[in-house]
Amino acid sequence: MHSYFPEHKTADDTSAIEHLLDLTFGLSRSTKTSYRLREGNTAAQGMSLVVREPGFGLVGAISFWPLIIGRADAPALLLGPLAVHPERQNLGIGRLLMNEGIAKAKARGHALMILIGDEPYYARVGFARVPEGQIQVPGPVDLKRLLYLEMQPGVLKKAKGLALAPWRWRQIIDLRATT
Ligand SMILES: CC(C)(COP(=O)(O)OP(=O)(O)OC[C@H]1O[C@@H](n2cnc3c(N)ncnc32)[C@H](O)[C@@H]1OP(=O)(O)O)[C@@H](O)C(=O)NCCC(=O)NCCS
């Protein structure tokens, strides 16, 4: 069996990643609420990872995005999208990408990660359901799919309110200051 390892995404991977995301999530993927958290946002530096297979191409990709939750300035990372090529699923590539991303997040001092996704899958690396009412997102969400992972024990309780990209919070605060 081929052995896979995560590498940093380069600019040359961009179109292959878009293609992979279309393939795995469908063409209407940008209507999802998680896209509202990514638009205008910049992916966390050094944390966009890919897995490639010689002769096949891109087989997996993951990225992480900075967020602020509520006005208490609780920073967090959004995990996603995570995608593995349909012909290479169930080989541990998704888990490899998640574990590498989580290790990088810890090494950079990030305390909290959230995502919108399937709990049975993400629970395998420690994600759990956000307690109802604690975190809101800018769009419809099935609360069973709003998940968190504490990388520093106890940080979730400080993260209360609306999760937005940092630039959106800055815009809201500036607007309030000028009205
Ligand atoms: C979800 C996804 C990233 C998993 O990647 P992967 O490399 O195939 O996953 P891994 O090899 O790390 O793990 C496979 C295991 O997870 C399970 N699994 C995969 N997707 C799952 C899901 N959505 N819910 C629950 N379990 C899931 C598999 O059944 C398998 O279980 P096993 O180890 O008991 O046999 C990949 O299937 C994918 O890109 N899917 C398309 C997008 C999608 O459906 N996302 C849904 C999650 S938000």
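Here, each number is a calculation from the coordinates, and none is a lab measurement. Owing to the predicted nature of the structure, the values given are computational and were not obtained by experimental measurement. Methodologically, a virtual Cβ is constructed for each residue, glycine included, from the backbone with ideal geometry; neighbour enumeration extends over all protein chains shown.
For the range 61-75, residues that are buried (at least 24 other Cβ atoms within 10 Å of the Cβ) and more than 9 Å from the chain's Cα centre (by Cα) total 3.
For the range 80-179, the helices (runs of 4 or more DSSP H) that sit wholly inside it and include 3 or more residues that are away from the ligand (no atom under 16 Å from the Cβ) and either at negative phi or surrounded by 14 or more Cβ atoms within 10 Å (Cβ to Cβ) (or both) are 93-107, 166-177.
Considering (1) over 10 Å from the mean Cα position of the chain (by Cα); (2) in contact (Cβ under 8 Å) with a residue 12 or more places away in the chain; (3) away from the ligand (no atom under 15 Å from the Cβ); (4) under 24 Å from ASP22 (Cβ atoms), the lone condition that GLY55 does not fulfil carries the number (2). Taking the criterion of being assigned to a helix (DSSP H, G or I) and more than 17 Å from the chain's Cα centre (by Cα), the residues of the range 10-21 that qualify are ALA11, ASP12, ASP13, SER15, ALA16, HIS19.
A Cβ distance below 8 Å, combined with a sequence gap of six or more or placement on separate chains, defines the contacts here; from the range 13-34, residues that are more than 16 Å from ARG52 (Cβ to Cβ) reach residues that are hydroxyl-bearing (Ser, Thr, Tyr) and in a helix (DSSP H, G or I) in the pairs ARG29/TYR35.
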